[in-house]
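Student: Let me begin by handing over the structure; questions about it come next.
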């Protein structure tokens, strides 16, 4: 079953129906669902989906020819030998002279490895034939840095040719819950807390098995699909993953300032900054500055956190206990280290649901667009925002177990000191209703809760 990505499918359909030649660039890290999205889109349309391999140019050209023959139901194509990619794409453009044809080149960086100057060939093809056809040409890749620097950047021969682009990101928290029908809400939220929004990871947890059994099978044994997944990811994007591993491990252990991270890793701060910048560009790490800081652009209070749920889980619970897992002691890792941490994981995931709502839907309740949103380190107030008109918004989550409202009064006073007296208060909670797991309430003006 294909879950999520309704907006992305709708946009692809918009490109398909535009009546114009389209060159669309889709990219994003491995396992985020690019291939599944494109295959779902192509399934009901006149389309050629081609997945490149790390082989020589002639082998990819033959495979592309076979994809054309199969998709266009034209056995005569099977006898054609394309001398180069210009000829192959010209053939596709000829088949799209009068009728829309979708052509997907998935894992485009692999094609570029096997064919020097392919982006220049593609530029000439698009300028001479492609933009005069009914092609919807999709270039897709998992190597984020390559796609941004060699396809989208100003220095690329393809610069200015694309008609649209999209960096595919993990699914939103609410979308991730749909992978586990029949589970209690808490279990579904914990699954998101561990796996994040990566569709390929979410599909590894089978709804017919309990959460912790899935965790043991997929993460806590050397044969598990997710046991070495993070290392595969880092090696595919980074030439020297060792230092990046150490930096991510330091952040997972609680070092969140540049100086602390550098000290933990054993490098100087300028070097740590360079590595952190790369991790931020890959959206694996993010730097947060409190919105309550009077001068956020020059703030020294910026802190780093791992932006991906599974990456954080890996460096907190899998990598530090790799020896135990290899020795067949994954059950001990689960019992002694992971289960005592489930409450913290649940709380962090709950905050992700709150932040996602603030980014997409809270404007309606607040009566104004939210232009800045960030975490807040309170017991009750967990996130804050600034509206277009400058008012403050406080996102309140009632802590489990009941707490004195004194802390809430003090936290709201701190938020008002930063944003001014006009403050919108939104109270968030997770419900047991599968159709509406996140409950949000606007607090009446003048009331505490």
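Throughout, read-outs are computed from the coordinates displayed, never taken from laboratory work. The structure displayed is predicted, hence computed values, not measured ones. All Cβ positions, even for glycine, are placed from backbone atoms using ideal geometry, and neighbour counts span all protein chains on display.
Student: With viscosity set to 1.567 mPa s at 4 °C, what whole-number translational diffusion coefficient in µm²/s follows for segment 361-442 from Stokes-Einstein and a Kirkwood radius over Cα pairs?
Tutor: Values: Rh = 13.2 Å.
Estimated via Stokes-Einstein, D reaches 98 µm²/s.
Student: Taking R0 as 22 Å, what's the FRET efficiency between residue 14 and residue 127 from their Cβ-Cβ distance, rounded to 0.05?
Tutor: Values: r = 24 Å, r/R0 = 1.09.
Calculated transfer efficiency: 0.35.
Student: How much FRET efficiency would the formula 1/(1 + (r/R0)^6) give for residue 235 and residue 185, where r is the Cβ-Cβ distance and R0 is 35 Å, rounded to 0.05? Before the final figure, lay out the partial values.
Tutor: On the way: r = 36 Å, r/R0 = 1.03.
Taking R0 as 35 Å, the efficiency between residue 235 and residue 185 is 0.45.
Student: Evaluate the distance, in nm, between pseudo-label points positioned 7 Å from the Cα of residue 256 and of residue 167 along their respective Cα→Cβ axes.
Tutor: Those two pseudo-labels are separated by 2.3 nm.
Student: Over segment 174-348, calculate the relative contact order: mean separation of alpha carbon pairs under 8 Å at least 6 apart, over the residue count, as a percent.
Tutor: Numbers: 177 pairs, mean separation 43.6, N = 175.
With pairs under 8 Å counted, the relative contact order is 25 percent.
Student: With the contact rule set at Cα under 8 Å and sequence spacing of 6 or more, what percent relative contact order holds for the chain? Could the numbers behind the result be given before it?
Tutor: Working: 668 pairs, mean separation 53.8, N = 449.
Contact order relative to length: 12 percent.
Student: Another question, if that's okay. By how many nm would the segment from residue 91 to residue 53 grow when fully extended, if each residue of separation counts as 0.36 nm and the alpha-carbon distance is taken off? Don't skip to the end; give the middle numbers.
Tutor: Working: separation 38, 0.36 × 38 = 13.68 nm, distance 2.08 nm.
Fully extending the segment from residue 91 to residue 53 adds 11.6 nm.
Student: Still on this structure, I have one more. State log₁₀ I(q)/I(0) for segment 176-260 at q = 0.20, 0.25 Å⁻¹ as given by the Debye formula over alpha-carbon point scatterers of equal weight, solvent excluded.
Tutor: Taking Cα atoms of segment 176-260 as identical point scatterers yields -0.98, -1.17.
Student: Based on the alpha-carbon gyration tensor of segment 6-167 and its eigenvalue square roots a ≥ b ≥ c, which shape applies: rounded if a/c is under 1.5, prolate if not and a/b is larger than b/c, or oblate? Don't skip to the answer; put the middle values down first.
Tutor: On the way: a/c = 1.27, a/b = 1.08, b/c = 1.17.
Rounded, because the longest to shortest axis ratio a/c is under 1.5.
Student: Per DSSP helix of 4 or more residues, -39500 (n - 2.57); summed, then divided by the residues of the chain. What does that give at 222 nm, rounded to the nearest 500? Each step should come with its number before you reach the end.
Tutor: Values: 20 runs with 189 residues, N = 449.
Result for the chain: -12000 deg cm²/dmol, rounded to the nearest 500.
Student: Okay, moving on. When the C-alpha atoms of the chain are aligned to their principal axes, what extent does each axis show, in angstrom, from largest down?
Tutor: Result, largest extent first: 78, 57, 49 Å.
Student: Separation between the residue 398 and residue 221 pseudo-spin-labels, each 7 Å from Cα along Cα→Cβ, expressed in nm?
Tutor: 4.3 nm
Student: To test your reading of the geometry: what angle, between 0 and 90 degrees and rounded to tens, separates the Cα axis of helix 406-419 from the longest principal axis of the chain?
Tutor: For 406-419 against the chain, the angle is about 60 degrees.
Student: Considering segment 174-348, what Rg and Dmax in Å follow from its alpha-carbon atoms?
Tutor: Calculated on Cα positions, Rg and Dmax stand at 17.0, 52 Å.
Student: What is the ratio of the Cα radius of gyration of segment 12-75 to 2.2 N^0.38 Å, where N is its residue count, to two decimals? Provide the component values of the computation, followed by the final result.
Tutor: On the way: Rg = 13.4 Å, N = 64, 2.2 N^0.38 = 10.7 Å.
That ratio works out to 1.26.
Student: If contacts are Cα pairs under 8 angstrom and at least 6 residues apart, what is the relative contact order of segment 383-445 in percent? Could the numbers behind the result be given before it?
Tutor: On the way: 80 pairs, mean separation 20.3, N = 63.
The normalised contact order for segment 383-445 reaches 32 percent.
Student: So, one more: Taking the 0 to 90 degree range and rounding to the nearest ten, how far is the long axis of helix 241-253 tilted relative to the main principal axis of the chain, both from C-alpha atoms?
Tutor: It works out to around 30 degrees.
Student: Just to be sure I understand: with springs between alpha-carbon atoms less than 10 Å apart, which residue in 107, 286, 81 has the highest mean-square fluctuation in the Gaussian network model of the chain?
Tutor: Fluctuation is largest for 81.
Student: Which value in nm describes the separation of the simple spin-label points at residue 287 and residue 299, placed 7 Å from the Cα toward the beta carbon?
Tutor: 1.2 nm
Student: Taking the chain as the reference, fit the longest principal axis to its C-alpha atoms, fit the long axis of helix 57-72 to the helix C-alpha atoms, and give the angle between the two in degrees, 0 to 90, nearest 10.
Tutor: Taking the Cα atoms of the chain, the angle to 57-72 is about 90 degrees.
Student: Oh, and also: Which FRET efficiency value, to the nearest 0.05, is calculated for residue 422 and residue 213 with the Förster distance at 35 angstrom and r the Cβ-Cβ distance? Numbers along the way, then the final one.
Tutor: Values: r = 50 Å, r/R0 = 1.43.
E between residue 422 and residue 213, to the nearest 0.05, is 0.10.
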